[in-house]
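J.: Quick one: the structure is below, and I'll ask about it shortly.
Laboratory data are not the source of any read-out in this text; all were calculated from the coordinates shown. Note that this is a predicted model, so its numbers are computed, not measured. No Cβ is skipped: glycine too gets one built from the backbone with ideal geometry, and neighbour counts run over all protein chains shown.
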2 protein chains.
Amino acid sequence: MTKGKLYLMPTLLGSETWDHVIPAKVAELAINTRYFAVEDLKSARRYLRKLDRTFPIDKSTFFILNKNTLPTDLSAMLAPLRNGHNVAIISEAGCPGVADPGADLVALAHQRGDFVSPLTGPSSILLGLMASGFNGQSFCFNGYIPKERKKRVFTFKDYEREVSKTGQTQIFMETPFRNNNLLEDLLNECLDATFLCIACDLTLPTERVQTMTVAEWREKAFDLNKRPTMFLIGKPFAM
Amino acid sequence: MTKGKLYLMPTLLGSETWDHVIPAKVAELAINTRYFAVEDLKSARRYLRKLDRTFPIDKSTFFILNKNTLPTDLSAMLAPLRNGHNVAIISEAGCPGVADPGADLVALAHQRGDFVSPLTGPSSILLGLMASGFNGQSFCFNGYIPKERKKRVFTFKDYEREVSKTGQTQIFMETPFRNNNLLEDLLNECLDATFLCIACDLTLPTERVQTMTVAEWREKAFDLNKRPTMFLIGKPFAM
């Protein structure tokens, strides 16, 4: 029997319509899968029903894969592969394994010699980078910004230094309900001439991506509260 | 009159069928656009004809946007926005502005206050990261690996140090016809225990993604010649 594949299955970034961000063949693959490792049961089911209103939720198996999952629970999620079934990892938003759970299950699959295949879908990191106008030949995603004030300021300075030294774009984020806080700190602590890109509500009808200097942002800041946002510090790219 | 938008329009990574990697609404947007800034004229036209056999090439305007484009040529490419027309940037493969031209035109658009919107499509950097099983909370794309042997070895050591110190995944690439060369150098110079992911022919029927230690790769290396490949050094992720 041919072994199944472990698919990395992207999902929506918010309430957009699925055919804006998910290729038809990726949706088809999701609809034909019956084994899932999901970050959140409710939102994974909602997504599958969005792709196909008649999706047989009750005939499917869902494993929970999040930060509370024990390493010893992982191998059961890969067991269907041996019997020729595909397994799809679906995280809460965007691409599994990128600032979202999934990588540990993928690591185990490689260790077992299973076949791993990544599917195309939206990633706010990549979309933010594309639309920033910053250097996309060299960039760094740093994940969540430190919460502690002193560390946070030190981190900004670090990013500014890296950008001015090597031109490498620095990408980071914050929990959405603290976005305005982060923006305030950035505007208080960064240099006037530092270029900041704010990529907000990506792929949604309210999407807004803007790159300006910190001095300009101080005049034109807008409300980011609870809006999914990617922050980037970089150098406007000239070829 | 409403101003047009500057769209970052992804394209295929190779000869795959478009509905595997391009969402239907992104294809529709491409088909309804008449102004393009393209890295390569021939492949952009081929792509548009793939999306729609009857695409009116002759009624469309194509600007060339590559490393030979002069900064003074950029503003003409944004002129259609003022008249309410959209402009789409299309690069040779994958996502414009990410290891591909486009960022300088986007930077100018931000400077002018134009509306910039990134669209979803395949990126071999992101797909490779998703499928690597490495840390996706912190990663760095380094672009092309240095050609000069000494610098190259120094770079490998640098990546190994960074991974063992911070766990940050290091992503890099090489011109496809030199891939086997890079692999040989990696296997000669990296530590036995270093984890290397090779993500080859992503989204194509011949796709193969594998993560192993350098010691294991020495036994199981396969031919990468002229196959588009992403290389990653990282730590298999455990939550």
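J.: Using a 10 Å cut-off on Cβ to Cβ distances, tally the other chain neighbours for every residue of A:56-64 and report the average as a whole number.
T.: Across A:56-64, the average partner-chain Cβ count within 10 Å equals 0.
J.: Let me ask something additional. Taking 26 Å as the cut-off for C-alpha to C-alpha distance, list the pairs among A:K157/B:K151; B:K25/B:K67; A:K147/B:K165; A:K5/B:K50; B:K3/B:K50; A:K151/A:K235 that go past it.
T.: Going by Cα-Cα distance, A:K157/B:K151; B:K25/B:K67; A:K5/B:K50; B:K3/B:K50 fall outside the 26 Å limit.
J.: May I pose another question? Using a 10 Å cut-off around each Cβ of peptide A:15-28, what is the average number of partner chain Cβ atoms that fall inside?
T.: That average works out to 5.
J.: Taking chain A as a Gaussian network, where each spring joins two C-alpha atoms under 10 Å apart, which residue of A:L108, A:L51, A:L224 fluctuates the most?
T.: A:L108
J.: Got the B:A238 label distances to the other copies yet, label 7 Å along Cα→Cβ, in nm, shortest first?
T.: Ordered by increasing distance: 4.9 nm.
J.: Kirkwood-based Rg over Rh for the stretch A:5-118 (C-alpha set), two decimals?
T.: The Rg/Rh ratio comes out at 0.93.
J.: When chain A is modelled as a GNM with alpha-carbon springs shorter than 10 Å, which of A:A103, A:A88, A:A44 fluctuates the most?
T.: Residue with maximal mean-square fluctuation among A:A103, A:A88, A:A44: A:A103.
J.: Taking only the Cα atoms of chain A, how large is their convex hull per residue, in Å³?
T.: 148 Å³
J.: Moving on. Springs between alpha-carbon atoms under 10 Å, Gaussian network over chain B: tell me which of B:P228, B:P205, B:P96 tops the mean-square fluctuations.
T.: Evaluated over chain B, the most mobile residue of the options is B:P205.
J.: Right, another one. Could you list log10 I(q)/I(0) for the stretch B:1-44 at q = 0.14 Å⁻¹, which the Debye formula gives when each Cα is one point scatterer?
T.: -0.38
J.: Based on DSSP H runs of at least 4 residues, each adding -39500 (n - 2.57), what is the mean residue ellipticity at 222 nm of chain A after dividing by all its residues, to the nearest 500 deg cm²/dmol?
T.: Dividing the helical sum by the residues of chain A leaves -10500 deg cm²/dmol.
J.: Taking 7 Å along the Cα-to-C-beta vector as the label spot, tell me the A:L191-B:R218 distance in nanometres, rounded to one decimal.
T.: So the label points at A:L191 and B:R218 sit 4.6 nm apart.
J.: Only bridges whose two residues both fall in the protein assembly as shown count here: according to DSSP, what percent of them are antiparallel, nearest 5?
T.: 50 percent
J.: Moving on to the next point. In terms of the ratio Rg/(2.2 N^0.38 Å) built on C-alpha atoms, what value belongs to the stretch B:124-234?
T.: Working it through for the stretch B:124-234, the quotient is 0.96.
J.: In Å, what Rg and Dmax follow from the Cα atoms of the stretch B:55-125?
T.: Answer for the stretch B:55-125, Rg first and Dmax second: 12.5, 35 Å.
J.: Something else about it: From the label point of A:K59, set 7 Å from Cα along Cα→Cβ, how far away are the matching label points in the other copies, in nm, ordered shortest to longest?
T.: Ordered by increasing distance: 4.6 nm.
J.: Relative contact order (percent) for the stretch A:119-239, with alpha-carbon contacts under 8 angstrom and 6 or more residues of separation?
T.: That works out to 35 percent.
J.: Let me ask you something else. Measure off 7 Å from each Cα along the Cα-to-Cβ vector at A:I64 and B:K67, then give the distance between these two points in nanometres to one decimal.
T.: Distance between the two pseudo-spin positions: 5.1 nm.
J.: In Å³ and rounded to a whole number, note down the convex hull volume per residue for the Cα atoms of the protein assembly as shown.
T.: Measuring per residue, one finds 152 Å³ for the Cα hull of the protein assembly as shown.
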